[in-house]
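K.L.:
Right, I'll just put the structure down here and ask away after.
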Amino acid sequence: MNTQDLKGVFGRRLRHLRQLRDLTQAALSERIGISLDYLSKIERGLASPSFFVIEKLSLFFLVSPATFFQPLHDVQANQVDAETSGYRSIAFPHCVDPIFITNTDLMIVDLNTVAERVFGWSARELLGRPILFLATDDSRSYVNEILELCRRGSDLRNARTDLLSRDGRRVPVLASVSLLRNEKNEPARLVFAARTMPDAAKVEWPGSSR
(Lines give C-alpha, C1' and ligand atoms only; values in the text may rest on other atoms or scores of the structure.)
Protein backbone atom coordinates (compact mmCIF):
# COMPACT_ATOMS: atom_id res chain seq x y z
CA MET A 1 0.00 0.00 0.00
CA ASN A 2 1.56 3.31 -1.08
CA THR A 3 1.42 6.65 0.71
CA GLN A 4 -1.58 7.87 -1.26
CA ASP A 5 -3.50 4.68 -0.45
CA LEU A 6 -2.67 5.07 3.25
CA LYS A 7 -3.93 8.65 3.24
CA GLY A 8 -7.19 7.46 1.69
CA VAL A 9 -7.62 4.65 4.24
CA PHE A 10 -6.88 7.03 7.11
CA GLY A 11 -9.34 9.61 5.82
CA ARG A 12 -12.17 7.12 5.38
CA ARG A 13 -11.59 5.67 8.84
CA LEU A 14 -11.56 9.14 10.38
CA ARG A 15 -14.77 10.15 8.58
CA HIS A 16 -16.45 6.92 9.72
CA LEU A 17 -15.53 7.48 13.38
CA ARG A 18 -16.58 11.13 13.24
CA GLN A 19 -19.96 10.29 11.73
CA LEU A 20 -20.56 7.54 14.31
CA ARG A 21 -20.22 10.25 16.96
CA ASP A 22 -22.61 12.54 15.03
CA LEU A 23 -19.91 15.21 14.84
CA THR A 24 -19.48 17.79 12.11
CA GLN A 25 -16.01 18.46 10.75
CA ALA A 26 -16.16 21.87 12.41
CA ALA A 27 -16.97 20.37 15.81
CA LEU A 28 -14.19 17.77 15.61
CA SER A 29 -11.57 20.24 14.38
CA GLU A 30 -12.39 22.52 17.31
CA ARG A 31 -12.17 19.70 19.86
CA ILE A 32 -8.78 18.43 18.73
CA GLY A 33 -7.34 21.85 17.95
CA ILE A 34 -6.69 21.80 14.19
CA SER A 35 -8.11 23.88 11.37
CA LEU A 36 -11.29 22.84 9.60
CA ASP A 37 -9.50 23.00 6.24
CA TYR A 38 -6.75 20.65 7.45
CA LEU A 39 -9.27 18.14 8.83
CA SER A 40 -11.27 18.24 5.61
CA LYS A 41 -8.15 17.52 3.54
CA ILE A 42 -7.19 14.61 5.83
CA GLU A 43 -10.63 13.03 5.42
CA ARG A 44 -10.44 13.41 1.64
CA GLY A 45 -6.97 11.86 1.53
CA LEU A 46 -5.40 15.11 0.36
CA ALA A 47 -3.20 15.72 3.41
CA SER A 48 -1.17 13.52 5.74
CA PRO A 49 -1.87 13.85 9.47
CA SER A 50 1.09 14.61 11.69
CA PHE A 51 2.04 12.26 14.53
CA PHE A 52 0.64 14.88 16.91
CA VAL A 53 -2.74 14.86 15.14
CA ILE A 54 -2.86 11.04 15.05
CA GLU A 55 -2.22 10.98 18.79
CA LYS A 56 -4.95 13.58 19.43
CA LEU A 57 -7.45 11.66 17.30
CA SER A 58 -6.60 8.35 18.99
CA LEU A 59 -7.16 9.84 22.44
CA PHE A 60 -10.38 11.53 21.37
CA PHE A 61 -11.94 8.42 19.79
CA LEU A 62 -10.38 6.02 22.35
CA VAL A 63 -8.81 3.81 19.68
CA SER A 64 -5.24 2.80 18.92
CA PRO A 65 -3.40 4.73 16.18
CA ALA A 66 -3.27 1.51 14.12
CA THR A 67 -7.07 1.61 13.80
CA PHE A 68 -6.85 4.52 11.35
CA PHE A 69 -4.68 2.51 8.95
CA GLN A 70 -6.95 -0.53 8.73
CA PRO A 71 -9.20 -0.59 5.64
CA LEU A 72 -12.78 0.26 6.48
CA HIS A 73 -15.33 -2.46 5.84
CA ASP A 74 -18.98 -1.49 5.84
CA VAL A 75 -20.84 -3.13 8.70
CA GLN A 76 -24.62 -3.39 8.63
CA ALA A 77 -26.66 -3.71 11.81
CA ASN A 78 -27.88 -7.16 10.83
CA GLN A 79 -24.59 -8.36 9.41
CA VAL A 80 -21.56 -9.66 11.29
CA ASP A 81 -18.15 -10.19 9.70
CA ALA A 82 -17.20 -13.79 9.02
CA GLU A 83 -14.58 -13.94 11.77
CA THR A 84 -16.91 -12.55 14.43
CA SER A 85 -19.73 -14.94 13.54
CA GLY A 86 -17.66 -17.85 14.84
CA TYR A 87 -17.16 -16.15 18.20
CA ARG A 88 -20.85 -15.28 18.38
CA SER A 89 -21.67 -19.00 18.54
CA ILE A 90 -19.48 -19.22 21.66
CA ALA A 91 -20.72 -16.09 23.41
CA PHE A 92 -24.44 -15.79 22.64
CA PRO A 93 -26.28 -19.14 23.01
CA HIS A 94 -28.79 -19.24 25.87
CA CYS A 95 -27.35 -16.06 27.37
CA VAL A 96 -29.83 -13.95 29.34
CA ASP A 97 -27.30 -11.16 30.02
CA PRO A 98 -26.29 -8.29 27.73
CA ILE A 99 -23.24 -9.32 25.67
CA PHE A 100 -20.90 -7.11 23.65
CA ILE A 101 -18.11 -8.48 21.44
CA THR A 102 -15.19 -6.18 20.60
CA ASN A 103 -12.13 -6.54 18.44
CA THR A 104 -8.67 -6.13 19.95
CA ASP A 105 -8.92 -2.36 19.41
CA LEU A 106 -11.93 -2.45 21.78
CA MET A 107 -14.36 -1.47 19.02
CA ILE A 108 -17.80 -3.10 19.24
CA VAL A 109 -18.25 -5.62 16.41
CA ASP A 110 -21.34 -7.45 17.70
CA LEU A 111 -23.92 -7.46 20.49
CA ASN A 112 -26.90 -9.57 21.39
CA THR A 113 -30.54 -8.50 21.43
CA VAL A 114 -30.53 -8.49 25.24
CA ALA A 115 -27.93 -5.69 25.16
CA GLU A 116 -30.11 -3.73 22.74
CA ARG A 117 -33.16 -4.13 24.98
CA VAL A 118 -31.44 -3.36 28.30
CA PHE A 119 -29.42 -0.34 27.17
CA GLY A 120 -31.76 0.99 24.49
CA TRP A 121 -29.14 1.26 21.73
CA SER A 122 -29.68 -0.45 18.41
CA ALA A 123 -26.89 -2.53 16.92
CA ARG A 124 -26.60 0.00 14.09
CA GLU A 125 -25.86 2.75 16.62
CA LEU A 126 -23.18 0.79 18.49
CA LEU A 127 -21.31 -1.21 15.84
CA GLY A 128 -17.96 0.44 15.20
CA ARG A 129 -18.00 2.48 18.41
CA PRO A 130 -15.45 1.92 21.19
CA ILE A 131 -16.86 -0.09 24.10
CA LEU A 132 -15.79 2.77 26.39
CA PHE A 133 -18.51 4.84 24.71
CA LEU A 134 -20.88 3.05 27.13
CA ALA A 135 -18.87 3.82 30.26
CA THR A 136 -19.86 6.66 32.58
CA ASP A 137 -17.36 9.49 33.07
CA ASP A 138 -16.40 8.33 36.55
CA SER A 139 -16.06 4.65 35.59
CA ARG A 140 -14.25 5.03 32.25
CA SER A 141 -10.71 4.65 33.60
CA TYR A 142 -11.73 1.61 35.67
CA VAL A 143 -13.47 -0.07 32.72
CA ASN A 144 -10.47 0.70 30.52
CA GLU A 145 -8.17 -0.93 33.09
CA ILE A 146 -10.37 -4.04 33.09
CA LEU A 147 -10.35 -4.25 29.31
CA GLU A 148 -6.59 -3.75 29.05
CA LEU A 149 -5.96 -6.56 31.54
CA CYS A 150 -8.26 -8.88 29.61
CA ARG A 151 -6.75 -7.88 26.28
CA ARG A 152 -3.44 -9.15 27.68
CA GLY A 153 -5.00 -12.51 28.53
CA SER A 154 -6.55 -12.20 32.01
CA ASP A 155 -10.19 -13.19 32.42
CA LEU A 156 -12.24 -11.11 34.82
CA ARG A 157 -15.47 -11.97 36.62
CA ASN A 158 -18.12 -9.81 38.29
CA ALA A 159 -16.44 -6.40 38.32
CA ARG A 160 -18.90 -3.84 39.65
CA THR A 161 -19.34 -0.78 37.44
CA ASP A 162 -21.94 1.37 35.67
CA LEU A 163 -22.76 1.65 31.96
CA LEU A 164 -24.86 4.26 30.20
CA SER A 165 -28.19 3.57 28.54
CA ARG A 166 -29.27 5.47 25.44
CA ASP A 167 -31.47 7.78 27.53
CA GLY A 168 -28.56 8.66 29.83
CA ARG A 169 -29.45 6.39 32.76
CA ARG A 170 -26.68 4.75 34.76
CA VAL A 171 -27.17 0.99 34.62
CA PRO A 172 -25.34 -0.84 37.45
CA VAL A 173 -23.75 -4.06 36.15
CA LEU A 174 -21.42 -6.87 37.08
CA ALA A 175 -18.97 -7.02 34.18
CA SER A 176 -17.25 -10.23 33.14
CA VAL A 177 -14.72 -10.08 30.31
CA SER A 178 -12.98 -12.91 28.47
CA LEU A 179 -10.39 -12.95 25.71
CA LEU A 180 -11.11 -15.20 22.72
CA ARG A 181 -8.28 -16.39 20.51
CA ASN A 182 -8.25 -17.44 16.87
CA GLU A 183 -7.01 -20.72 15.44
CA LYS A 184 -3.43 -19.39 15.58
CA ASN A 185 -3.86 -18.71 19.31
CA GLU A 186 -3.68 -14.97 18.68
CA PRO A 187 -5.92 -12.53 20.60
CA ALA A 188 -8.97 -11.94 18.41
CA ARG A 189 -12.06 -10.80 20.33
CA LEU A 190 -13.14 -9.71 23.80
CA VAL A 191 -16.50 -10.84 25.15
CA PHE A 192 -17.96 -8.29 27.57
CA ALA A 193 -20.91 -9.62 29.58
CA ALA A 194 -22.82 -7.00 31.59
CA ARG A 195 -25.17 -8.59 34.13
CA THR A 196 -27.56 -5.96 35.45
CA MET A 197 -27.85 -5.48 39.21
CA PRO A 198 -31.21 -4.27 40.57
CA ASP A 199 -29.70 -3.77 44.03
CA ALA A 200 -26.30 -2.57 42.85
CA ALA A 201 -26.59 0.64 44.86
CA LYS A 202 -25.68 -1.45 47.91
CA VAL A 203 -22.37 -2.51 46.35
CA GLU A 204 -19.30 -0.32 45.95
CA TRP A 205 -16.79 -0.59 43.13
CA PRO A 206 -13.11 0.46 43.17
CA GLY A 207 -12.74 4.22 43.05
CA SER A 208 -16.34 4.88 44.06
CA SER A 209 -17.03 7.44 46.75
CA ARG A 210 -20.65 6.43 47.16
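K.L.:
Among what's in the stretch 55-64 and is in a helix (DSSP H, G or I), surrounded by 15 or more Cβ atoms within 10 Å (Cβ to Cβ) and within 14 Å of the chain's Cα centre (by Cα), pick the residue that is modelled with the highest pLDDT.
P.N.:
SER58
K.L.:
Kindly indicate the residue of the stretch 10-40 that is under 19 Å from the mean Cα position of the chain (by Cα) and of a type in the set (A, V, I, L, M, F, W, C) and also surrounded by the fewest Cβ atoms within 10 Å (Cβ to Cβ) among those meeting that condition.
P.N.:
Step by step, filter the stretch 10-40, then rank; the result is LEU23.
K.L.:
Checking the condition modelled with pLDDT under 85, among the aliphatic types (A, V, I, L, M) and under 12 Å from PHE61 (Cα atoms), which residue from LEU20, LEU28, LEU14 passes?
P.N.:
None of the other options fit; the residue is LEU20.
K.L.:
List the number of the failed condition for LEU127; all other conditions in (1) under 30 Å from PRO71 (Cβ atoms); (2) among the hydrophobic types (A, V, I, L, M, F, W, C); (3) in contact with a helix residue (DSSP H, G or I) (Cβ under 7 Å, 6 or more places away or on another chain) hold.
P.N.:
Evaluating LEU127 over (1) under 30 Å from PRO71 (Cβ atoms); (2) among the hydrophobic types (A, V, I, L, M, F, W, C); (3) in contact with a helix residue (DSSP H, G or I) (Cβ under 7 Å, 6 or more places away or on another chain) leaves (3) as the failure.
The values are calculated or read from the model by the stated rules, or taken from the named source; none is laboratory data. Only a predicted model underlies this, so the values are computations on that prediction, with no experimental measurement involved. With ideal geometry, Cβ positions are generated from the backbone for all residues, glycine too; neighbour counts draw on all protein chains shown.
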